[in-house]
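The values are calculated or read from the model by the stated rules, or taken from the named source; none is laboratory data. Fair warning: this is a prediction, and the values are worked out from it, not measured in the lab. When we count neighbours, we look across all protein chains shown, and the Cβ atoms used for this are built from the backbone with ideal geometry, even at glycine.
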Amino acid sequence: MNQITITVRRVLLLLLSASVCVSIAAAQDGSGSNDAGAVPAATAPAEQNNAENPPLSGLDQPVAEPAFGGRSYLVPGLQLSESVDSNAAGASGSKNHMAEISRALASVDMQKIWRRYQFGLDYIAGGDFYAGPTILSGQGRATQNHTLAADQRILWRTGQLVIRDSFDYLPEGTFGFSSYGGAGSVGSALGGISGSGAGTGLGGGISGGSPAGLFGGGQFGSLGFQPRIGNDTIVDITQGLSPRSTVTLAGGYDLTNYLNVNNSTAPFKIINSQQTTGQIGFNHLLTRKDQVGVQYAFQEFHFPRAGSGSITAHVWNALYGRRITGKLNLAIAGGPQLVKVQNQVTASNPSATSSNLVSANGSLTFNYTVSSRTSATVMYQRFVTPGSGFFAGANTNAARFTLGHRLGRHWTTNTDVGYSHNSNLQTSTTTSGAGIQTRSYQFWYAGSSLQRQLGQQFSVFVSYQFNDMGVGQCTGAGSVCGLSALRHTGQIGINWHPRPIRLD
């Protein structure tokens with residue numbers, strides 16, 4: 001197992017080195033290119049680079065057409081809102097902490113296209129200002145939110161190399177968008193706060209790829225104010241073997257570091273995590289609409305806190321996809337996974353050993369455009385995650401449903417519902433009191449918004465979201481066992497999203 005880990009790390013190092021070399025060569029070659037060049041090969045009709053039906057084992061999602069016609073553009077956005085949060089501290093029972101929060105969010109979305117290269121960037125920055133008593137002593141009345149995603153594509157006739165990076169600094173987990181006032185608030189700002197270029201990865205932890213989420217970046221659940229820094233870096237290559245067959249290779253590194261642990265509202269020690277992932281896949285187009293593939297992935301989870309052990313996972317998946325441009329996107333992945341849990345040897349547990357678990361891994365993505373007014377998305381995934389700070393590794397089942405509907409010319413509704421169930425992979429309590437000493441926890445949310453367009457650049461919205469986090473049966477001492485943290489958030493705000501600014 002150690003040899004496999006060393007081999008995977010060497011492959012990732014080679015990928016990163018190759019990407020740097022290619023990027024330098026690309027910069028030198030592209031220095032004299034025409035900025036207003038043709039749309040890159042990624043949007044050309046070649047099967048292996050078809051943006052409408054990209055490889056199932058890759059990280060790109062299908063698009064009906066390039067954003068803003070495949071042109072270079074810059075789109076700013078702004079959102080101002082007022083909200084009331086019934087339980088900002090994530091407590092249970094009579095300990096609920098009511099808060100009035102003023103939010104200001106600004107975004108920039110950019111896409112720059114050259115003849116053979118393409119760069120995308122999405123950035124969201126915001127500030128939350130609390131009225132009344134603060135959640136934590138010494139916390140202050142203001143917090144910050146930052147989410148930045150960027151990708152650099154280097155294209156050739158039969159494939160591409162992509163360097164992706166996603167960074168966030170948030171006071172809460174990504175699942176449910178609570179840092180931004182809820183899923184309804186984010187959904188109301190499509191085209192303003194939500195990006196079109198690189199994609200900020202704000203998908204509530206359910207992100208790109210099949211199976212979705214293998215490279216990390218998801219934080220399923222949060223108890224109150226827990227600032228954290230997360231970063232996910234991925235290098236992936238897509239190479240066409242024939243007009244219908246492609247092979248993909250990818251490597252990534254993800255880390256989550258929780259800040260101010262000693263001043264957190266959580267009554268336990270939060271667990272930081274590091275994840276290394278490598279995967280290889282093969283894809284074949286049966287028709288222009290149907291695609292099949294196979295994929296293997298290796299994951300290694302490391303937890304810096306002493307006594308937290310480590311986890312490795314081997315994942316095998318069969319893939320199937322059916323895509324009808326502008327109408328339907330169905331992607332299914334499933335197969336076995338072999339998980340090895342290595343318990344850390346400590347003074348209290350000197351005989352700690354490893355255990356092997358065989359379970360199922362898979363995902364489902366279903367996007368359907370019912371009409372020009374209505375669209376729906378259903379997503380499900382089952383996979384190994386770092387544990388969201390609560391566990392040193394977890395088996396996670398996550399599902400999400402979104403529905404968008406336009407009412408007449410000016411009114412739009414967005415509904416977003418998500419659920420996750422997380423089972424502890426550590427069979428012992430050797431994590432030095434860190435994490436939740438329980439077998440599982442669950443988190444779900446339901447949010448909806450109503451938006452009214454005011455002219456071409458402004459819109460107003462009202463939204464509501466309900467969150468519930470429940471902690472299950474205890475396996476050791478812990479003050480959060482049996483906890484049920486209910487939370488209601490109401491919000492009203494205004495969005496500004498002007499027309500795209502042409503860059504070519």
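In table form, for the structure just shown:
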read-out	value
Count - residues of the range 390-420 that are more than 30 Å from Val460 (Cβ to Cβ) and crowded, with 20+ Cβ neighbours inside 10 Å	9
Residue selected from the range 360-389 under the condition β-branched (Val, Ile, Thr) and over 16 Å from Ile324 (Cα atoms), by the criterion surrounded by the most Cβ atoms within 10 Å (Cβ to Cβ)	Thr385
Qualifying residue in the range 80-98 (condition: over 22 Å from Gly182 (Cβ atoms) and at pLDDT 85 or above)	no
Some residue of the range 433-446 being of a type in the set (Val, Ile, Thr) and more than 22 Å from the chain's Cα centre (by Cα)	yes
Pro243 vs. criteria assigned to a loop (DSSP other than H, G, I, E, B), over 16 Å from the mean Cα position of the chain (by Cα), at pLDDT 85 or above and surrounded by fewer than 24 Cβ atoms within 10 Å (Cβ to Cβ)	yes
The range 269-292 residues that are in contact (Cβ under 8 Å) with a residue 24 or more places away in the chain and more than 13 Å from Gly216 (Cα to Cα), paired with ones that are among the acidic types (Asp, Glu) and surrounded by fewer than 23 Cβ atoms within 10 Å (Cβ to Cβ) (beta carbon under 9 Å, 6 or more apart)	Leu285/Glu47; Arg288/Glu47; Arg288/Glu52
Among residues of the range 284-296, those that are surrounded by 18 or more Cβ atoms within 10 Å (Cβ to Cβ) and closer than 15 Å to Gly335 by Cβ, counted	2
Residue under evaluation Asn262, criteria (1) modelled with pLDDT of 85 or more; (2) more than 15 Å from Glu172 (Cα to Cα), criterion not met	(1)
Filtered residues of the range 376-394 (kept if over 23 Å from Pro336 (Cβ atoms) and under 15 Å from the mean Cα position of the chain (by Cα))	Ser388
Close pairs (9 angstrom Cβ cut-off, 6 or more residues apart or separate chains): surrounded by fewer than 24 Cβ atoms within 10 Å (Cβ to Cβ) in the range 165-180, among the aromatic types (Phe, Trp, Tyr) and in a loop (DSSP other than H, G, I, E, B) anywhere	Pro171/Phe225
Given (1) at pLDDT 90 or above; (2) assigned to a strand (DSSP E or B), index of the condition Thr287 fails	(2)
Some residue of the range 187-201 being modelled with pLDDT of 50 or more, polar (S, T, N, Q), within 23 Å of Phe383 (Cβ to Cβ) and surrounded by 24 or more Cβ atoms within 10 Å (Cβ to Cβ)	no
Conditions (1) within 25 Å of Ala399 (Cα to Cα); (2) crowded, with 18+ Cβ neighbours inside 10 Å; (3) modelled with pLDDT of 85 or more: number failed by Val471	(3)
